[in-house]
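K.L.:
After the structure tokens below, expect a handful of questions from me.
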């Protein structure tokens, strides 16, 4: 199934020629209109007229999250202040957020990429899509909404409402697809079971699009098993329009990144040097089709690699492997680098483990992992629980080189996040 | 069969949990005839012998508690020195590990409640030595 078969299956040379034309146009525009890039070009001695090949992208300056914060609110606009019709911001943990402006054309184009993404998983205008992501400054609500409307689905803008209301909407309007945070999907399955409902039978869900939180393959499988539906990984970030930057097709084997809209590079995050195709590093994206706020070589901080092989679906846009972590999320515990996803992968490999966990760092450098047990994981025997605890500590130690403390807890005892799950609590007094 | 089933509840190890669980049982009209609570780090396991097992399980599950049934062996032993040792010998001699054990004397009857992994094998060993294993009904009548 294709939304825009021609664009999605462009022969590589044609696609690359299109990328080059769009890159040249983008560089010229920011050189004319954005003082931030004018300054950067001057510093690096770049002539914006002389972008001759795609490889020249490597000579261009990086743009970082810190740049976006420093230039807040509107220093990176490439159009007049009256042009943009929409503002989104990226959740800033501290201080000012990153503000991203959309022109009317940008809004439509972001919807177009979502439409491609949804249709490639099999979504049609007959589907009922319940968007359970927060509406507002967060892109997960509106950007997905416009794209699903474009496909012609009935879109239910449920937002991040209560589970009771989500369930009511799902049953009354026979929701066939949801856009949801993976942590909330797991919680919602427990919520249904708690009410005596079978998430596989008592709702009509066939597809779930999960994103906005890095998650593991094990988590995907658990969501699929819980609801008896297909789960597709969605990748995006506010700085690049939000969801729809890269998405899985029917084969669920990596995320097609829409290369007619973005140039993708994988770099060594420490040196900034490009890495050969297939190697793991930081994803860097350049917008090729953005009017209000083009960004050159944006450092996403997300760690992944390119899958060079063509996909069976026939799309020529290359795939990314599942994001293994956001370099901002990397923990340093006793001098060892650990990504929370490594811990999640170990935890979720135990069938006795339930659906919620939290990693707590405290004291000088102590790591405690609180993890909820699945109903099937409790047989009444304290000895089995103690043995499980030991196995988990051993496996976590083998994976991370740090010996954590593992606390087993009953289902429902850890707090459930309203928005993105908070998996790491750092209380260290270092 | 002479097996006794306990209702085992998995809870967080923090103040108020015993009250929370027993309040639910009381409200459901369930009478507790025997109880042990074991804590291990972050969690605790409460084990109850109750007069209405099904009512107890559904009352607890309805409130989201994690509940499991646990098969244990209960037996009457002579109320005199060496009785527990005799039982321990029988099990140890057959390479059966005693995971948990508790006992009490009521009306001059000495009762042992034990948890082992190989319940069927342990039952055979104990009955062969002439011990009377109590059924659920007998335990409740005590």
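K.L.:
Across every pair of different alpha-carbon atoms, what Kirkwood hydrodynamic radius in Å does region A:26-112 reach?
P.N.:
Kirkwood hydrodynamic radius for region A:26-112: 14.4 Å.
K.L.:
Something else about it: So how compact is chain A: Cα radius of gyration and Dmax in angstrom?
P.N.:
22.2, 73
K.L.:
Expressed as an acute angle from 0 to 90° and rounded to the nearest 10, what is the orientation of the C-alpha long axis of helix A:35-44 relative to the principal long axis of chain A?
P.N.:
80 degrees
K.L.:
For region A:358-422, I need the span (max minus min coordinate) of the C-alpha atoms along each principal axis, in Å, sorted largest to smallest.
P.N.:
Cα extents, longest axis first: 34, 32, 20 Å.
K.L.:
Let me know the volume per residue of the alpha-carbon convex hull for region B:103-142, in Å³.
P.N.:
Output value, Cα hull per residue: 76 Å³.
K.L.:
Let me ask something else about it. Convert 10 °C to kelvin, take the viscosity as 1.306 mPa s, use the Kirkwood radius over C-alpha pairs of region A:270-314 as Rh, and evaluate the Stokes-Einstein diffusion coefficient in µm²/s, rounded to a whole number.
P.N.:
Answer from the Stokes-Einstein relation: 128 µm²/s.
K.L.:
Rounded to two decimals, what ratio of Rg to Rh does region A:110-179 give with C-alpha atoms and a Kirkwood Rh?
P.N.:
My calculation puts Rg/Rh at 0.96.
K.L.:
Rounded to two decimal places and with Rh computed the Kirkwood way over Cα pairs, what is Rg over Rh for chain B?
P.N.:
Looking at chain B, the ratio lands at 0.99.
K.L.:
With the alpha-carbon atoms as the only input, what is the per residue convex hull volume for region B:27-85 in Å³?
P.N.:
128 Å³
K.L.:
Taking Cα atoms, how many degrees apart are the long axis of helix A:382-400 and the longest axis of chain A, rounded to 10 and kept between 0 and 90?
P.N.:
Roughly 20 degrees, rounded to the nearest 10.
K.L.:
Per residue of chain B, what 222 nm ellipticity follows from adding -39500 (n - 2.57) for every DSSP H run with n ≥ 4, rounded to the nearest 500?
P.N.:
Using -39500 (n - 2.57) per qualifying helix, the result is -10000 deg cm²/dmol.
K.L.:
Based on alpha-carbon atoms only, what is the radius of gyration of region A:75-153 relative to the globular estimate 2.2 N^0.38 Å?
P.N.:
This ratio for region A:75-153 stands at 1.23.
K.L.:
So if R0 is 56 Å, what FRET efficiency would residue A:124 and residue B:104 give, r being the distance between their Cβ atoms, rounded to the nearest 0.05?
P.N.:
0.25
K.L.:
State the dimensionless ratio Rg/Rh of region A:204-304 (Rg: radius of gyration of Cα atoms; Rh: Kirkwood radius).
P.N.:
Radius of gyration over Kirkwood radius for region A:204-304 works out to 1.01.
K.L.:
How long are the three semi-axes of the equivalent ellipsoid for region A:306-430, computed from the Cα gyration tensor as the root of 5 times each eigenvalue, in whole Å, largest first?
P.N.:
So the equivalent ellipsoid measures 29, 20, 15 Å along its semi-axes.
K.L.:
Can you give the alpha-carbon Rg of region B:1-47 over 2.2 N^0.38 Å, where N counts its residues?
P.N.:
Normalised Cα radius of gyration, region B:1-47: 1.24.
K.L.:
Along each principal axis of its Cα atoms, how long is region A:45-182 end to end? Whole angstroms, biggest number first, please.
P.N.:
61, 36, 31
K.L.:
On C-alpha positions alone, give me the angle between the axis of helix A:139-151 and the longest principal axis of chain A, in degrees, nearest 10.
P.N.:
Computed tilt is about 70 degrees.
Each value in this text was obtained by applying a stated rule to the coordinates, not by laboratory testing. Given the structure is predicted, the values throughout are model-derived calculations rather than measurements. Note: ideal-geometry Cβ built from the backbone for every residue, glycine included; neighbour counts use all protein chains shown.
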